[in-house]
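The values are calculated or read from the model by the stated rules, or taken from the named source; none is laboratory data. Small disclaimer: the values here were computed from a predicted structure and weren't measured. In this analysis, Cβ positions are derived from the backbone assuming ideal geometry, glycine residues included, and neighbour counts consider all displayed protein chains. For the accessible areas, the whole protein counts, side chains as well, though only heavy atoms, and no ligand, DNA or RNA atoms are used. Shrake-Rupley method; radii C 1.70, N 1.55, O 1.52, S 1.80 Å.
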Amino acid sequence: MQKFNFQFTKLTKVFIYLGLALAVAAAGVNTYLLITNGTASAADPTIKIIQYAAMYFAAALLATVLTSLLISTYYFVDEKSKKLVTCFGIIKTKYDIEKIESVLLDRNTKKLSVFFSESQFIVIVVKEEWYEDFVAALLKVKPSIEFSINSKESKPDDENDKTKK
């Protein structure tokens, strides 16, 4: 039973924090408008009440989703149920490890891809130092998974190619 946290890029983290700030600002502005204007300025107070409630709901929903992304985004290898669980905030997906055919570590793109028997695949986004631990956790459950590495190769000089032609 091993858990591997998702590795967000710096830009993604900035957008998540900006979204959280926006949610707090929206709730603050809504509270200010509710206190200063109330429902007296509207011809029908029911409309204003629905408007304020919808704004609070939207701010709370945005804050909840973004906070869940920061707190609960990970990959989990469950040895008991033989499942690979991907949790991206409130969205959780389970994959049967028995259906995994191969794992490819591409050193050029720095991506770890898991290929399944149904011609589908997922890309694992964790710290590069955890790639081998992640693959080891999968192999512990199903040792027959094929693991391959595409490594960086040096490219021939263009001048040498022209002289050979």
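Kindly state which strands (runs of 3 or more DSSP E) lie completely within segment 58-100 and contain at least 1 residues that are open to solvent by 50 Å² or more (accessible area, probe 1.4 Å). Don't jump to the end; show me each part of the working.
Numbers: elements: 73-78, 83-88, 91-96.
Strands (runs of 3 or more DSSP E) meeting the threshold: 83-88, 91-96.
State all residues of segment 101-125 that are surrounded by 14 or more Cβ atoms within 10 Å (Cβ to Cβ) and out of contact with any strand residue (DSSP E or B) (no Cβ under 7 Å at 6 or more places or on another chain); if no residue qualifies, say none.
Result: Val125, single match.
Check off (1) in contact (Cβ under 8 Å) with a residue 24 or more places away in the chain; (2) closer than 30 Å to Leu22 by Cα for Val77 and give me the number that stays unchecked.
The failed condition is (2).
Inside segment 14-60, can you point out the residues that are under 22 Å from the mean Cα position of the chain (by Cα) and either free of Cβ contacts under 8 Å to residues at least 40 places away in the same chain or over 30 Å from Lys111 (Cα atoms) (or both)?
Passing the criteria: Val14, Phe15, Tyr17, Leu18, Ala21, Leu22, Ala23, Ala58, Ala59, Ala60.
Just to be sure I understand the filter: pairs with C-beta atoms under 9 Å, separated by 6 or more residues or on different chains, first member in segment 131-154 and farther than 16 Å from Ser113 by Cβ and open to solvent by less than 70 Å² (accessible area, probe 1.4 Å), second member polar (S, T, N, Q) and in a helix (DSSP H, G or I). Which pairs pass?
Close Cβ pairs satisfying both conditions: none exist.
Suppose we keep only residues that are in contact with a Ser or Thr (Cβ under 9 Å, 6 or more places away or on another chain) and over 26 Å from Ile90 (Cα atoms) within segment 36-57. Which one would you say is surrounded by the most Cβ atoms within 10 Å (Cβ to Cβ)?
Among residues in segment 36-57 that are in contact with a Ser or Thr (Cβ under 9 Å, 6 or more places away or on another chain) and over 26 Å from Ile90 (Cα atoms), the one surrounded by the most Cβ atoms within 10 Å (Cβ to Cβ) is Lys48.
Just one of (1) among the hydrophobic types (A, V, I, L, M, F, W, C); (2) exposed (fewer than 13 other Cβ atoms within 10 Å of the Cβ); (3) closer than 25 Å to Phe121 by Cα trips up Phe4, so point out which.
If we test Phe4 against (1) among the hydrophobic types (A, V, I, L, M, F, W, C); (2) exposed (fewer than 13 other Cβ atoms within 10 Å of the Cβ); (3) closer than 25 Å to Phe121 by Cα, just (2) comes out false.
Could you grab me the full set of residues in segment 134-149 that are part of a helix (DSSP H, G or I) and of a type outside the set (Lys, Arg)?
Within segment 134-149, Phe134, Val135, Ala136, Ala137, Leu138, Leu139, Val141 meet the criteria.
Quick check on my filter: what residues within segment 18-40 are part of a helix (DSSP H, G or I) and farther than 18 Å from Ala58 by Cβ? Walk me through it before giving the result.
Our first condition is that a residue be part of a helix (DSSP H, G or I); within segment 18-40, this holds for 18-36.
Ile35, Thr36, listed by residue number.
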